[in-house]
Amino acid sequence: MKPLSGSITDQAPADPAATDNMLASQPIGYWAGLVHEAVTRRLRDAMARMDVTQPQYWVLNRVASGPATPSREEVIVHLAPLAGGQYEIPRVIDQLLHRGWLRIDADQNLRITDAGEAARVRLRGLATELRAEVHKDISDEEYVAALKVLRAMLANVEGDGSS
């Protein structure tokens with residue numbers, strides 16, 4: 001999306017008190033970072049009160065949602081990019097096996113247990129409640145528009161470098 005005037009808007013320093021007419025000059029990284037930190041903190045704090053971590057929820061969802069039961073290695077490869085380092089997901093899998101929320105079947109694939117599925121359903125309810133809190137007073141159309149803008153920015157940054 002190009003500025004309507006054909007010129008490029010100057011980048012201003014991050015300003016939490018920026019008025020609406022100043023927002024076009026604000027750095028996206030600053031604002032996206034603030035939102036990411038606040039939403040992640042809120043979700044993780046709420047999950048902690050249930051004695052669960054966000055990566056544990058990711059693993060439960062991954063094991064429960066696939067068309068086939070995944071191996072430990074498949075779950076690690078799929079989720080490692082989201083986690084805080086290459087060792088996080090293997091630890092989480094071990095925690096969930098110890099807790100009895102996952103088990104390893106005869107083919108060495110991970111399966112969610114009844115207790116794990118009950119926890120996953122509770123966590124999904126929590127995530128849905130928190131989503132509603134974050135999305136308060138934001139229409140689906142506004143949300144989709146914001147994500148489209150972020151997706152376009154990501155494509156611009158990760159492009160082939162020719163622009």
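The values are calculated or read from the model by the stated rules, or taken from the named source; none is laboratory data. Note that the structure is predicted; figures quoted are calculated from it, not measured. For neighbour counting, all protein chains shown are included, and Cβ atoms are generated from backbone atoms with ideal geometry for every residue, glycine included. Note: areas computed on protein heavy atoms with side chains; ligands, DNA, RNA excluded. Shrake-Rupley method; radii C 1.70, N 1.55, O 1.52, S 1.80 Å.
Look at Q108 and say whether it is farther than 21 Å from T40 by Cα, open to solvent by 100 Å² or more (accessible area, probe 1.4 Å) and not aliphatic (A, V, I, L, M).
When the stated conditions are applied, Q108 passes them.
For a quick check of your reading of the model, give me the residue pairs whose first member lies in segment 36-47 and is under 14 Å from L82 (Cβ atoms), whose second is in a helix (DSSP H, G or I) and of a type in the set (S, T, N, Q), with beta-carbon atoms closer than 6 Å and at least 6 apart or on different chains.
Sorted first by the residue in segment 36-47, then by its partner, the pairs are R44/Q54.
Do we have any residue at all in segment 6-22 that's surrounded by 11 or more Cβ atoms within 10 Å (Cβ to Cβ), aliphatic (A, V, I, L, M) and either out of contact with any helix residue (DSSP H, G or I) (no Cβ under 9 Å at 6 or more places or on another chain) or part of a helix (DSSP H, G or I) (or both)?
Yes, segment 6-22 contains a residue that is surrounded by 11 or more Cβ atoms within 10 Å (Cβ to Cβ), aliphatic (A, V, I, L, M) and either out of contact with any helix residue (DSSP H, G or I) (no Cβ under 9 Å at 6 or more places or on another chain) or part of a helix (DSSP H, G or I) (or both).
Residues of segment 40-70 being open to solvent by less than 40 Å² (accessible area, probe 1.4 Å) and under 11 Å from L123 (Cα atoms), which ones?
L43, A46, M47, V52, Q54, Q56, Y57, L60
Does E37 count as acidic (D, E), open to solvent by less than 70 Å² (accessible area, probe 1.4 Å) and under 16 Å from the mean Cα position of the chain (by Cα)?
no
So which residues in segment 71-92 are open to solvent by 100 Å² or more (accessible area, probe 1.4 Å) and either among the hydroxyl-bearing types (S, T, Y) or part of a helix (DSSP H, G or I) (or both)?
E73, V77, H78, P81, L82, Y87, R91
Say whether the condition of being on the phi < 0 side of the Ramachandran plot and either under 16 Å from the mean Cα position of the chain (by Cα) or part of a helix (DSSP H, G or I) (or both) is met by at least one residue in segment 101-111.
No, the conditions are met nowhere in segment 101-111.
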